1. Can you tell me which residue within the stretch 40-73, out of those that are part of a strand (DSSP E or B), in contact (Cβ under 8 Å) with a residue 40 or more places away in the chain and of a type outside the set (D, E, K, R), is surrounded by the most Cβ atoms within 10 Å (Cβ to Cβ)?
2. Would you check which residues across the stretch 11-39 are under 18 Å from Ile323 (Cα atoms) and free of Cβ contacts under 8 Å to residues at least 60 places away in the same chain and list them?
3. State all residues of the stretch 244-253 that are part of a strand (DSSP E or B) and surrounded by fewer than 22 Cβ atoms within 10 Å (Cβ to Cβ); if no residue qualifies, say none.
4. crowded, with 20+ Cβ neighbours inside 10 Å and either within 21 Å of the chain's Cα centre (by Cα) or of a type in the set (Lys, Arg) (or both), is that true of Phe138?
5. Given the conditions (1) out of contact with any Asp or Glu (no Cβ under 6 Å at 6 or more places or on another chain); (2) assigned to a strand (DSSP E or B); (3) of a type outside the set (Lys, Arg), and given that Phe201 satisfies all but one, which numbered condition is not satisfied?
6. Sort out which residues of the stretch 72-90 are in contact with a Phe, Trp or Tyr (Cβ under 8 Å, 6 or more places away or on another chain), under 14 Å from Cys295 (Cα atoms) and of a type outside the set (A, V, I, L, M, F, W, C), and write them in order of number.
7. I'm checking my understanding of the structure. Among residues of the stretch 282-307 that are assigned to a loop (DSSP other than H, G, I, E, B) and over 19 Å from the mean Cα position of the chain (by Cα), which one is nearest to Glu82 (Cα to Cα)?
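The values are calculated or read from the model by the stated rules, or taken from the named source; none is laboratory data. Keep in mind the model is a prediction, meaning the values are calculated, not measured. Glycine gets a Cβ as well: all are built from the backbone with ideal geometry, and neighbour counts include every protein chain shown.
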Amino acid sequence: MALREQLPILWQPTSSLKNIYLRAKVLTKIRSFFMERNIVEVETPLLSHGVITDPNIHSFVSEYHLPGSGKKEILYLQTSPEFAMKRLLAAGSGSIFQISKAFRNEECGAMHNPEFTILEWYHLGYNHHELMDEIDAFLGYLFNFSKAERWSYQEVFKKFLFIDPLICDISEFRDLALQHGLNDIDGLNKDGWLNILFSSFIEPNLGNGKPAFVYDFPASQAALARINKNDPRVASRFEVYISGIELGNGFHELSDSQEQRQRFGYDLKRRSELNLSQLPLDENFLTAIDYLPDCSGVAIGLDRLLMIMIGTKNIEDVIAFPIKNA
């Protein structure tokens, strides 16, 4: 009898049916938002030959057995639909959005599940500030929030940690972290210390009462964003926060394949330093971005959006079957 009483825990969803129905309503409302703006819904592959090189993001690897040949190819489950969507943009799709599954290895906890749902969209002709305006409208449409606060990356460091992240060196960041009770970490570079300081002492203060944008991240953290022409120390990248939770990451998109290839090369060098596996570049993406029209894009975690909506700190409350009982 005791075993029988435990069985429902193993097969039942961790999310309540109420929250499962809420997800369906939110997805319908999201699609209505984009339909009103003539932004087209698209669908791209989850499996790809190329993959993101970021040393902080770990991909799932899969084997594709070619029919009848005895040969196999390595494919990767995508951490985001970004590369494929930009290929569509380069082909002339116009402004687009996608609601998709994404996968990240070694990410699991109250805020993370290895398989999650992502909303990604790109608006042609927008810079990152104009896209922040649209995200403001989107969040207001879903939550009836007031207009978001906006802070530059430099401003939030000055406000909460009293330092300028654009002029301090790695030893100053390390010393500041140790002064605040964090442990020393061998081999951590400047961006590593910045990320720890930001997540530990700045993020919790963001988006309380209304959303908050942080924009113009250091150029070393540009990822796929353009470098700011007026201040080459920073990139045209932003993040959006609600209740201390990072909800989305956006860029005024880089459209220079040579520069992007150099950034990927830096990633691979860093992966080697960290004894991480080397990964194949997505050559289809690199070829396409020279044709990418001027645009800005953002990726928003839909599971986190639902977490904020119902006021939970546990992702298992908004997904039917997390990895532990998938």
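1. Initially, the stretch 40-73 is screened for residues part of a strand (DSSP E or B), giving 40-41, 47-48, 58, 60-65, 72-73.
Narrowing the set further to residues that are in contact (Cβ under 8 Å) with a residue 40 or more places away in the chain leaves 40-41, 48, 58, 60.
Still in the list and also of a type outside the set (D, E, K, R): 40, 48, 58, 60.
Numbers: Val40: 15, Ser48: 20, His58: 17, Phe60: 18.
For the stretch 40-73, the residue satisfying everything is Ser48.
2. Gln12, the sole residue that qualifies.
3. So in the stretch 244-253, the residues part of a strand (DSSP E or B) come out as 245-253.
Hits for the stretch 244-253 are Ile245, Glu246, Asn249.
4. Details: crowded, with 20+ Cβ neighbours inside 10 Å: yes; either within 21 Å of the chain's Cα centre (by Cα) or of a type in the set (Lys, Arg) (or both): yes.
Spelling it out, Phe138 is indeed crowded, with 20+ Cβ neighbours inside 10 Å and either within 21 Å of the chain's Cα centre (by Cα) or of a type in the set (Lys, Arg) (or both).
5. Going through the list (1) out of contact with any Asp or Glu (no Cβ under 6 Å at 6 or more places or on another chain); (2) assigned to a strand (DSSP E or B); (3) of a type outside the set (Lys, Arg), Phe201 breaks only (2).
6. Lys86, Arg87
7. From the stretch 282-307, those assigned to a loop (DSSP other than H, G, I, E, B) are 282, 292-294; that's our starting set.
The next check asks that each one be over 19 Å from the mean Cα position of the chain (by Cα); those that pass are 292-294.
Numbers: Leu292: 12, Pro293: 15, Asp294: 15 Å.
Filtering the stretch 282-307 for residues that are assigned to a loop (DSSP other than H, G, I, E, B) and over 19 Å from the mean Cα position of the chain (by Cα), the one nearest to Glu82 (Cα to Cα) comes out as Leu292.
So that you can scan it fast, the table gives a plain yes or no per residue for (1) among the aliphatic types (A, V, I, L, M); (2) within 25 Å of Asp231 (Cα to Cα):
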position	(1), (2)
Cys108	no, no
Glu115	no, no
Leu119	yes, no
Leu124	yes, yes
His128	no, yes
Ala148	yes, yes
Phe157	no, yes
Leu166	yes, yes
Ser171	no, yes
